[in-house]
Amino acid sequence: MRKQYSWIFKVFLMLPVVFSFFCGPKNAHQKSTVTYEKDNVTYVENPASPNVVPPVYELKEILSVGGGGESGEDENYVFVNPRRLAVDGNGHIYVMDSRKFSVSAFDEKGVFLRRYGRRGEGPGEFLLMLDFAVDDQNRMLHILDLKHNKISCFLPDGTLHSEIKIDKYAQRLFLPDRDIYYTVHRVYDEKDKELKNIIKYSRDGKKVATSPTFPRSKHVKFQKNTVTHTLMPQFCALSIIANSPTGKIFWAMSDDYRFDVFNPVFQKVKIIKKDVSERVNVTIEEKEQFLKTVRGNLMRKGSDPSAIDSSIIDLLPDYYPIYYSFWFDGDGRLWVPLVKRDEQIQYIDIFDREGVFVETRAIKKPAGTLYLYDVFVKPIVKGDLVYAVVRDVEENWAVKVFRLVKQQDAVHK
């Protein structure tokens with residue numbers, strides 16, 4: 001009897017070895033996200049992306065508004081300098097064009113509905129539009145004007161409802177709920193150092209609270225012949241502030257894979273981090289080309305280009321930022337487009353609402369668009385739909401709606 005069952009016992013002992021052989025190597029070195037509390041702040045520390053070929057997605061165009069087609073002959077479908085985009089709960093698309101001093105609204109099929117605002121100095125008129133937002137609950141539209149230091153509120157039919165005055169140097173506008181505005185401002189400390197802060201206003205214009213200051217975007221500053229010069233190369237890090245659908249405020253400096261999260265009373269409640277396995281370096285040729293471009297711009301303005309000499313190269317960053325922007329989809333997930341040397345594929349890290357890394361996606365450049373960068377600067381993502389302001393192959397601006405379609409699953413290396 002003992003000999004009869006001895007082989008069963010041996011097989012039982014071998015099961016852990018067999019399991020580890022088939023299941024172990026793939027995850028043996030893959031770390032997990034660590035979450036802990038410290039000084040009333042939640043820390044979410046994500047490891048670097050796993051060693052896999054990310055899933056590949058294609059952007060299939062399902063709608064185009066404007067551009068170089070027949071609709072481009074109608075002034076309502078011509079975009080000159082579209083800066084911002086919004087989509088309401090009905091699928092209506094709103095485009096802010098700072099050169100046309102207005103926001104245009106289109107239905108879900110791309111048919112022009114109406115225009116909000118116009119150029120001027122009176123009520124409902126603008127000289128320097130920088131941002132806008134649409135209230136999903138009542139479809140009222142709010143426009144921020146830097147020149148007039150005001151926020152103008154329009155009814156869905158385009159009628160001006162109200163205006164409030166705000167502090168100067170406002171750059172961004174957020175609607176955390178139907179009773180509050182957040183505005184992001186450029187401010188200066190006692191040493192004339194430029195910073196950012198957020199001011200919380202009630203909808204009737206009362207200042208409710210002011211945030212602590214945040215650093216400004218990084219830049220190169222130097223002095224030549226008693227003149228101070230400031231350069232902002234494309235490879236300098238950006239200071240980015242965004243409002244999440246959960247009402248939290250996110251701040252990040254784009255050369256650090258870290259997001260500081262604040263509650264509505266500007267208390268830091270969370271820090272989200274992710275390890276970075278590699279960075280894109282700035283080549284000496286790219287630095288020299290940047291200086292050449294700056295000198296050319298100075299000459300065209302009639303200024304002396306000799307102030308920009310080759311010694312400034314040592315002041316320029318050695319690496320590109322990790323990302324240039326970030327945004328939230330309709331489910332409140334965080335999307336971070338990564339800087340890579342690939343003009344055909346955009347790699348995007350996605351985090352859940354708690355800040356835990358979910359996956360990296362590789363999204364192909366859509367057909368008919370001139371630059372991949374345009375698509376992922378400030379898109380709107382709702383479900384599998386991506387709304388973006390892009391330049392077509394003829395360099396005309398257009399609003400396009402794409403559907404995200406998976407072409408290939410992730411593959412372990």
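Please treat every number below as a calculation from the coordinates, not as lab data. None of the values given here were measured: they were computed from a predicted structure. Backbone-built Cβ (ideal geometry, glycine too); neighbour counts: all protein chains shown.
Springs between alpha-carbon atoms under 10 Å, Gaussian network over the chain: tell me which of Arg203, Arg300, Arg403 tops the mean-square fluctuations.
Highest fluctuation among the options: Arg300.
Give a residue-ordered list of calculated ³J(HN,Hα) values for the range 358-366 (Karplus: 6.51 cos²θ - 1.76 cosθ + 1.60, θ = phi - 60°; whole Hz; x for Gly, Pro).
Here the 3J(HN,Hα) series is 9, 6, 9, 10, 9, 10, 6, 4, x Hz.
At Asn396 and Gln171, where each label point lies 7 Å from the Cα along Cα→Cβ, what is the point-to-point distance in nanometres?
Placing both labels 7 Å beyond Cα along the Cβ direction yields 3.4 nm.
Would you mind ranking Val377, Val276 so that the residue whose beta carbon has the fewest other beta carbons within 10 Å leads the list? Kindly include the intermediate steps, with their values, before the conclusion.
Values: Val377 16, Val276 13.
In order of increasing Cβ crowding within 10 Å: Val276, Val377.
So who's got an amide H within less than 5 Å of the one on Tyr371, skipping anything under 5 residues away but keeping other chains? H placed 1.01 Å off N, in plane.
Arg391
What list do you get for Leu173, Leu231 if you sort them by fewest beta carbons within 10 Å?
Ascending Cβ contact count within 10 Å gives the list Leu231, Leu173.
About the Cα centre of the range 87-236, how large is the charge dipole given +1 on each Lys and Arg Cβ and -1 on each Asp and Glu Cβ? Please answer in debye to the nearest 20.
640 debye
Given a 10 angstrom Cα cut-off, can you work out which residue in Lys196, Lys38, Lys218 is the most mobile in a GNM of the chain?
Lys38
Using Cβ counts within 10 Å as a stand-in for footprinting exposure, how do Lys200, Lys224 rank, fewest first?
Lys224, Lys200
In degrees between 0 and 90, to the nearest 10, how far off the longest principal axis of the chain does helix 284-300 point, with axes built from Cα atoms?
10 degrees
Normalising by the residue count of the chain, find the relative contact order in percent from Cα pairs under 8 Å and 6+ residues apart.
Once normalised by length, the contact order is 17 percent.
Enumerate the amide H contacts of Leu195 below 5 Å, restricted to partners 5 or more residues apart or on another chain; note that Pro and chain-start residues carry no placed amide H.
Val187, Tyr188, Asp189
Per residue of the range 78-88, in order, report the coupling 6.51 cos²θ - 1.76 cosθ + 1.60 (Karplus, θ = phi - 60°) as ³J(HN,Hα) in whole Hz, putting x for Gly and Pro.
9, 10, 9, 9, x, 10, 9, 9, 8, 9, 8
May I ask you to evaluate 6.51 cos²θ - 1.76 cosθ + 1.60, the Karplus curve with θ = phi - 60°, for each residue of the range 103-115 and list the ³J(HN,Hα) values in order in whole Hz, giving x for glycine and proline?
10, 9, 10, 10, 7, 5, 9, x, 7, 4, 10, 6, 10
Pop out the Kirkwood hydrodynamic radius of the chain from its pairwise C-alpha distances, inverse of mean 1/r, in Å to one decimal. Spell out each step's value before the answer.
Values: mean 1/r = 0.0414 Å⁻¹.
After inverting the pairwise mean of 1/r, the radius is 24.2 Å.
For Lys224, give me every one of the lysines with a C-alpha distance below 21 angstrom, ignoring sequence neighbours fewer than eight places off in its own chain.
Lys191, Lys193, Lys287, Lys292, Lys301
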